[in-house]
Amino acid sequence: MEQALADYLRHLGIEKNASAYTIKSYREDLTQALAFFHERLGADATPNRISTRILRAYLAWLHEQDYAKTTIARRIASVRSWLRFLCRRGKLDTNPAEGLRGPRKDKNLPHFMTDADIKRLLALDVGESPLGRRDKAMLETLYSAGVRVGELCSLKIDDLDLEEGIITVRGKGKKERLALLGKEARDSLQEWLEIRQAFMSGLHKSGVAVFLNKNGTALNVRSVGRILSKYLLQAGLDPRSTPHTLRHTFATHLLDAGADIRGVQELLGHKNLATTQIYTHVSTQRLQDSYHKAHPRA
């Protein structure tokens, strides 16, 4: 089974062009599942001995461990995908997980910031230091372009076309798309790029990443989260907000203002329209809240 897992992870990396984070998630999910199968099937456990009954036992065990519904659903999906891969490779005749259904996930509306909150965040005085100007450009870009934090960290100088207000983004599966920048984001980026050049010269370094840490190397996802948390605290805003909250806010504000959902889907880089439609529920909920507060006969 370990070899079958290794083959699948190699398939994800080479043929599916999956990110290192995606491969890591599948490895963790499937390593746990294989440990359970070994315990139930013994030392001679092989993929063709995995039955629907064993999988139902695994599902029940996940519930007993009190995992969240989203975690259980993801782990069952990982096993199903692995077994489907083995069927395609001729290692299994049928996929015992095809009829297995994980728990129905709760539909939680994404957390987003109000117009007033985002204006308050972006109006903060970040100072005149190089890293302060970097932070300003970073926050403006996250909200203006609606990019994922990983996409922000991977931006390179050549990806920016500030004259046209367009950036080239490499999303999930390294698929490229274009994102748009508003005037404030363009101005902040232009200012940072000018400072960045002198900043890197002072460090006697060169590099292509747009957003850098104090050592002149590319910012990572955790660093962006810590930077945002610092400014949320300064602004007295909800500490639950994350860089992804700015992406949710971007989409929600566009739809609130009447943007076409297909256009928002393209800007977000969503493969399926259903993923984008969650933001229409947010907008509907806000409309209902306003109605109940304002209408005399609500």
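The values are calculated or read from the model by the stated rules, or taken from the named source; none is laboratory data. Predicted model only: the values in this text are computed from it and were never measured. FYI the Cβ positions are ideal-geometry reconstructions off the backbone, even for glycines, and counts take in every protein chain you see.
Odds and ends about this structure:
- Tallying residues that are of a type in the set (D, E, K, R) and under 19 Å from Val208 (Cβ atoms) within the range 164-175 yields 2.
- Being without any contact (Cβ under 8 Å) to a residue 40 or more places away in the chain and either surrounded by 14 or more Cβ atoms within 10 Å (Cβ to Cβ) or within 18 Å of Leu92 (Cβ to Cβ) (or both) is true of Tyr58.
- When Leu232 is tested against (1) more than 28 Å from Asp115 (Cα to Cα); (2) at pLDDT 95 or above, exactly one condition is not met: (1).
Here is a yes/no grid of residues against (1) surrounded by 11 or more Cβ atoms within 10 Å (Cβ to Cβ); (2) of a type outside the set (A, V, I, L, M, F, W, C); (3) without any contact (Cβ under 8 Å) to a residue 60 or more places away in the chain; (4) within 23 Å of Asp93 (Cα to Cα):
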residue: Tyr26; (1), (2), (3), (4): yes, yes, yes, yes
residue: Gly42; (1), (2), (3), (4): no, yes, yes, yes
residue: Thr46; (1), (2), (3), (4): yes, yes, yes, yes
residue: Thr70; (1), (2), (3), (4): yes, yes, yes, no
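- Residue satisfying condition, being closer than 17 Å to Arg134 by Cβ, surrounded by 12 or more Cβ atoms within 10 Å (Cβ to Cβ) and either charged (D, E, K, R) or under 20 Å from the mean Cα position of the chain (by Cα) (or both), within set Leu246, Leu267: Leu246
- Sole exception among (1) more than 25 Å from the chain's Cα centre (by Cα); (2) buried (at least 16 other Cβ atoms within 10 Å of the Cβ); (3) closer than 21 Å to Val149 by Cβ for Leu219, by number: (1)
- In the set (1) over 30 Å from Leu180 (Cα atoms); (2) part of a helix (DSSP H, G or I), Ala116 fails one condition alone, (1).
Residues are listed down the side, and each one gets a yes or a no for (1) within 14 Å of Phe85 (Cβ to Cβ); (2) touching a helix residue (DSSP H, G or I) at 6+ places or on another chain (Cβ under 8 Å):
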residue	(1), (2)
Ala6	yes, no
Ala18	yes, yes
Glu39	no, no
Pro47	yes, yes
Thr52	no, no
Ala60	no, no
Asp66	no, no
Ile72	no, yes
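- For Arg80, the conditions (1) buried (at least 17 other Cβ atoms within 10 Å of the Cβ); (2) closer than 30 Å to Gln3 by Cβ; (3) touching a residue at least 40 places away in the same chain (Cβ under 8 Å) are fulfilled apart from (3).
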